[in-house]
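The values are calculated or read from the model by the stated rules, or taken from the named source; none is laboratory data. These numbers come from a predicted model, not from an experiment. Methodologically, a virtual Cβ is constructed for each residue, glycine included, from the backbone with ideal geometry; neighbour enumeration extends over all protein chains shown. In case anyone asks, the SASA skips ligands and DNA or RNA and just uses the protein heavy atoms, side chains included. Shrake-Rupley method; radii C 1.70, N 1.55, O 1.52, S 1.80 Å.
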Amino acid sequence: RCDRKVPCGACARHDVTCVFNPSASPGHRRKRPTNQILTDRLRYYESLLLEKGVTENELQRGPGSEGGYRSLRSFSGISNDSHPRSGRPIGERESGQPVNQAQTIHCSGSVIVVDKYGTEYSQDALGDYPDDESHTEISDDDFGFVLDGHTRSKTKLCHPAPNEIHQLWKIFVNNVDPLTKIIHVPTVQPMIEKVASKAGALPRGFEALIFSIYSAAVMSLSDDECNQRLNESRNVLMSRHIAATKAALSMAKFMGTTSLVVLQALVIHLIAVRDVYEQRAIWSLTGVAVRIAQSMGLDRDGDYLGLPIFESEIRRRIWWQLKIHDFRTAELCGVGKFHDLRTGENCTKWPSNVSDDKLLPDMSALPTEPAHLTDMVFISLKCDLLNYAAGRAADLRRQGKASIPWDPRTPVGDLSEADRSVRGIEEELETKYLRYCDPSQPLHLMAMLVARCSISMILFMSHHPRRWSARGKIPSSELDLVWGLCMKLLEHQNMLQSNALLKQFAWHAPYFQQWHAIIHILDTLRTNPLHSGAERAWKIIHATYENNLEMTFDLRKPIHVAVAHLCVRAYDNRESALQRSDIQPSTTPGFVGQLRQQLRALQKSTQRDDATQYAIDGLIRDGQAITQGSDHAKTDENTSNPGHHMNTLNVDHTGEGMSPGEEPSADTAVFQERDSLPFTYGHYYDQVNDANGADMGFGLISSSNYGMDNSFEDQITWEQWDYWLSQSNLGQGS
């Protein structure tokens with residue numbers, strides 16, 4: 001040891017140069033575990049001892065155990081899958097059958113689950129981030145980029161005026177909650193009142209939840225409704241509340257949360273932005289939410305984990321709504337429907353068909369499900385459909401077949417068994433729900449239409465035309481069946497979007513657009529223009545375009561462009577067939593004229609882009625640099641080659657080069673050296689920008705692909721349609 005002398009005694013004895021090394025600054029010492037963490041760990045170690053045969057009595061006879069063990073149990077609030085309250089040995093049920101053991105750890109009102117063999121976990125995993133009140137400024141965190149690439153570290157959260165808060169809450173309860181049931185309305189209501197009355201700051205998790213509710217409420221309205229009820233445009237309101245929700249989630253450290261409230265906020269946020277974000281981003285962010293839920297044990301039932309009845313029921317609702325969302329986003333990204341649907345003995349049970357007012361936080365048992373319909377009817381119906389899908393997947397796995405039910409890529413086989421199973425679920429839904437539905441009530445009508453649409457969809461996927469691609473001609477009976485199913489699907493879809501009684505739920509339908517049914521109907525009309533059901537079919541297609549104006553005017557999406565071409569070609573063929581039959585065609589529907597106009601404009605734009613690319617390719621072949629501004633276009637008078645200078649290319653939309661130094665017009669596409677050049681190794685990047693800077697993605701469907709040659713539609717496969725559909729959220733901003 002150094003005695004602080006020069007030289008010190010130790011260095012003198014060892015005959016070495018004495019160098020004084022000051023002790024390191026305390027710096028950021030590791031935080032000492034709190035009492036909560038210590039008790040949680042102790043309880044976990046006790047459970048391991050119990051597993052090894054050490055009884056509770058032996059533990060209680062240990063040093064300092066008098067009265068301490070009981071207080072430890074009540075303080076930590078820890079439970080596990082083996083029902084410790086009953087005194088039953090860990091890892092054993094009443095039947096004596098061993099179970100997969102999972103340790104449930106409660107910390108600061110949150111829950112995490114550690115598997116039997118997951119004994120190595122970080123100290124941070126045992127405690128959530130502080131949930132102090134949120135009038136403080138938002139601090140930077142490591143995961144802000146997940147929600148927004150432009151994190152604002154000094155943003156403050158500003159709630160709307162009190163009357164608008166009440167309005168948004170009412171809209172959410174009427175429009176969004178009946179179709180999601182992610183929250184327990186009676187529990188959240190006091191928080192809304194607190195915010196509206198400005199009685200004090202909220203915990204961070206609840207603040208994130210309330211801002212997500214604002215976003216979802218606005219999402220459920222049309223632009224006209226936003227102007228009428230909230231006095232602002234939908235775009236302005238959505239932008240404001242989505243930004244605030246992302247900020248609140250960031251402040252709540254959502255990526256590392258163990259808070260059920262923060263998870264609820266994230267799931268509602270995903271629903272609110274599902275038509276705003278690019279679809280792959282939604283699927284990836286949904287995967288984050290699934291991982292957070294799994295870390296909290298939501299993939300295992302609360303009864304299995306020994307959680308309170310009320311909490312278990314809320315967890316079931318959140319988990320299955322999250323999984324329903326995950327299945328749909330995966331499908332839109334090209335992944336098979338129900339790709340990882342699993343149910344089992346210890347998996348999360350389906351939520352009960354019990355209304356919110358029957359669920360109480362301190363209840364000791366779930367109420368009996370009533371014979372009549374409740375405010376959970378829509379979710380219960382969808383869960384029954386999921387349960388049916390899970391059963392079909394399990395049957396397929398037992399048969400050694402693909403585990404994705406109704407995979408249309410599966411070759412045609414004996415469909416009679418599949419049809420029988422569909423009749424079974426149809427009878428079940430009829431008996432359990434549909435016979436009690438009152439069509440005059442919006443939620444009941446919504447449930448009826450979704451049930452009918454789901455049955456038609458299951459049958460359509462079982463008899464999908466692509467199943468016959470390797471078999472040549474499709475039997476006429478199959479053609480008639482599939483045609484009828486597609487017509488039903490589109491009729492139900494149009495009712496979901498246009499029925500005045502369902503106006504509050506109209507936001508839900510576009511995300512589940514029946515693209516394959518639209519494609520099959522239009523392709524049939526193209527090849528058979530005088531089909532016996534053509535008149536009715538064109539009325540349905542007209543209604544589909546009327547209910548989804550973006551299909552006409554948003555040609556940034558490849559699926560919109562492809563379907564528009566198919567629709568125009570089908571109607572052209574109809575007009576030609578009528579003329580050949582000496583039948584005067586009726587007046588061309590307005591939507592067909594608009595599609596023709598939009599496609600002509602797109603074709604001209606693509607031709608200009610091709611001319612622009614040709615000019616760029618020429619410069620690249622000549623080895624010339626592309627820069628911006630007349631200053632860069634001056635001849636280098638000091639060079640030994642006076643004829644050599646740096647070239648400037650300002651490319652306008654006519655594809656003609658402008659003279660160096662000429663000012664580009666407002667609509668001129670300018671490629672700047674300091675920006676990322678829109679080409680790689682001489683190939684155009686398949687993207688140009690519109691006036692708002694949104695990626696148009698026209699390269700995905702070039703004019704050569706969509707020329708008016710007669711072989712265009714004949715060359716399209718279902719795989720190509722799937723690809724265009726999976727690419728159809730490119731260009732949407734966040």
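State yes or no: is LEU157 assigned to a helix (DSSP H, G or I) and either under 22 Å from PRO442 (Cβ atoms) or in contact with a helix residue (DSSP H, G or I) (Cβ under 6 Å, 6 or more places away or on another chain) (or both)? It is false that LEU157 is assigned to a helix (DSSP H, G or I) and either under 22 Å from PRO442 (Cβ atoms) or in contact with a helix residue (DSSP H, G or I) (Cβ under 6 Å, 6 or more places away or on another chain) (or both).
Taken together, GLU535, GLU546 contain a single residue that is part of a helix (DSSP H, G or I) and free of Cβ contacts under 8 Å to residues at least 40 places away in the same chain, which is GLU535.
Considering only the stretch 574-582, I want to know if a residue exists there that is open to solvent by less than 70 Å² (accessible area, probe 1.4 Å) and either part of a loop (DSSP other than H, G, I, E, B) or modelled with pLDDT under 90 (or both). Before the answer, list the steps.
Residues of the stretch 574-582 open to solvent by less than 70 Å² (accessible area, probe 1.4 Å): 574-578, 581.
Still in the list and also either part of a loop (DSSP other than H, G, I, E, B) or modelled with pLDDT under 90 (or both): 581.
The answer is yes; a qualifying residue exists.
Specify the residue that is surrounded by the fewest Cβ atoms within 10 Å (Cβ to Cβ); the eligible residues are those in the stretch 514-532 that are in contact with a helix residue (DSSP H, G or I) (Cβ under 7 Å, 6 or more places away or on another chain) and in a loop (DSSP other than H, G, I, E, B). So that I can check it myself, show each step before the final result.
Within the stretch 514-532, the subset in contact with a helix residue (DSSP H, G or I) (Cβ under 7 Å, 6 or more places away or on another chain) is 514-515, 517-526, 529-531.
Right, trim to in a loop (DSSP other than H, G, I, E, B) and you get 514, 529-531.
Details: GLN514: 22, PRO529: 19, LEU530: 13, HIS531: 15.
The residue in question is LEU530.
The residue list MET448, MET495 contains one member that is modelled with pLDDT of 95 or more, buried (at least 17 other Cβ atoms within 10 Å of the Cβ) and under 26 Å from ALA393 (Cα atoms), which is MET448.
Under the condition of being part of a helix (DSSP H, G or I) and more than 19 Å from MET376 (Cβ to Cβ), the residues counted in the stretch 426-457 number 7. For the stretch 239-258, a residue qualifies if it is surrounded by fewer than 20 Cβ atoms within 10 Å (Cβ to Cβ) and closer than 25 Å to GLN504 by Cα, and the qualifying residues are SER239, ARG240, ALA243.
Of the residues in the stretch 216-264, how many are closer than 30 Å to GLY287 by Cβ and assigned to a loop (DSSP other than H, G, I, E, B)? Give the steps one after another, and end with the answer.
Of the residues in the stretch 216-264, the ones closer than 30 Å to GLY287 by Cβ are 216-221, 234-235, 237-264.
The next check asks that each one be assigned to a loop (DSSP other than H, G, I, E, B); those that pass are 220-221, 252-253, 257-259.
Residues in the stretch 216-264 being closer than 30 Å to GLY287 by Cβ and assigned to a loop (DSSP other than H, G, I, E, B): 7 in total.
ALA570 meets each of the listed conditions (1) surrounded by 15 or more Cβ atoms within 10 Å (Cβ to Cβ); (2) more than 25 Å from TRP718 (Cβ to Cβ) apart from (2). Taking the criterion of being of a type in the set (Asp, Glu), open to solvent by less than 20 Å² (accessible area, probe 1.4 Å) and more than 20 Å from ALA289 (Cβ to Cβ), would at least one residue in the stretch 329-349 satisfy it? No: the stretch 329-349 contains no residue that is of a type in the set (Asp, Glu), open to solvent by less than 20 Å² (accessible area, probe 1.4 Å) and more than 20 Å from ALA289 (Cβ to Cβ). Contact map, the stretch 182-194: first residue of a type in the set (A, V, I, L, M) and assigned to a helix (DSSP H, G or I), second residue open to solvent by 60 Å² or more (accessible area, probe 1.4 Å) and modelled with pLDDT of 95 or more, Cβ cut-off under 9 Å, separation 6 or more or different chains; pairs are ILE192/HIS166. GLU311 satisfies every condition listed in (1) outside any helix (DSSP H, G or I); (2) over 25 Å from LEU725 (Cβ atoms) except (1). Scanning the stretch 293-308 for residues that are part of a helix (DSSP H, G or I) and either open to solvent by 20 Å² or more (accessible area, probe 1.4 Å) or touching a residue at least 60 places away in the same chain (Cβ under 8 Å) (or both) returns GLN294, SER295, ASP303, TYR304, LEU305. For beta carbons closer than 8 Å, sequence separation of 6+ or different chains, a first residue in the stretch 351-371 that is within 16 Å of VAL185 (Cα to Cα) and among the β-branched types (Val, Ile, Thr) and a second that is part of a loop (DSSP other than H, G, I, E, B) and open to solvent by less than 30 Å² (accessible area, probe 1.4 Å), the qualifying pairs are VAL354/THR374; VAL354/MET376. Being outside any helix (DSSP H, G or I), touching a residue at least 24 places away in the same chain (Cβ under 8 Å) and surrounded by fewer than 21 Cβ atoms within 10 Å (Cβ to Cβ) is a description that does not apply to VAL290.
Which count do you get for residues in the stretch 345-393 that are part of a loop (DSSP other than H, G, I, E, B) and out of contact with any helix residue (DSSP H, G or I) (no Cβ under 9 Å at 6 or more places or on another chain)?
2
So for the stretch 165-179 (the condition being β-branched (Val, Ile, Thr), under 18 Å from LEU249 (Cα atoms) and either part of a helix (DSSP H, G or I) or touching a residue at least 24 places away in the same chain (Cβ under 8 Å) (or both)), does at least one residue qualify? Working first, answer last.
In the first step, residues of the stretch 165-179 are kept if they are β-branched (Val, Ile, Thr); the result is 165, 171, 173, 176.
Pick out the ones that are also under 18 Å from LEU249 (Cα atoms) and you get none.
No, because not a single residue in the stretch 165-179 is β-branched (Val, Ile, Thr), under 18 Å from LEU249 (Cα atoms) and either part of a helix (DSSP H, G or I) or touching a residue at least 24 places away in the same chain (Cβ under 8 Å) (or both).
One line per residue, one yes/no per condition, for (1) at pLDDT 90 or above; (2) within 24 Å of GLU313 (Cβ to Cβ); (3) open to solvent by less than 30 Å² (accessible area, probe 1.4 Å); (4) among the β-branched types (Val, Ile, Thr):
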residue	(1), (2), (3), (4)
THR374	yes, yes, yes, yes
LEU381	yes, yes, yes, no
ALA389	no, yes, yes, no
SER403	no, no, no, no
LYS432	yes, yes, no, no
ASP438	yes, no, no, no
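Every condition in (1) of a type in the set (A, V, I, L, M, F, W, C); (2) buried (at least 22 other Cβ atoms within 10 Å of the Cβ); (3) modelled with pLDDT of 95 or more is met by LEU230 except one, and the failing one is (2). Can you name the residue in the stretch 173-209 that is of a type in the set (A, V, I, L, M) and under 19 Å from TRP507 (Cβ atoms) and, of all such residues, is most open to solvent (accessible area, probe 1.4 Å)? So, considering only residues that are of a type in the set (A, V, I, L, M) and under 19 Å from TRP507 (Cβ atoms), the one most open to solvent (accessible area, probe 1.4 Å) is VAL173. Restricting attention to the stretch 317-328, the residues that are more than 14 Å from the chain's Cα centre (by Cα) and surrounded by fewer than 20 Cβ atoms within 10 Å (Cβ to Cβ) add up to 0.
In the stretch 357-370 there is no residue that is modelled with pLDDT of 90 or more, of a type in the set (Asp, Glu) and open to solvent by less than 40 Å² (accessible area, probe 1.4 Å).
Among residues of the stretch 212-232 that are more than 15 Å from ALA248 (Cβ to Cβ), those with a beta-carbon under 9 Å from a residue that is of a type in the set (Lys, Arg) and surrounded by 19 or more Cβ atoms within 10 Å (Cβ to Cβ) at least six positions away or on a different chain give the pairs MET219/ARG274.
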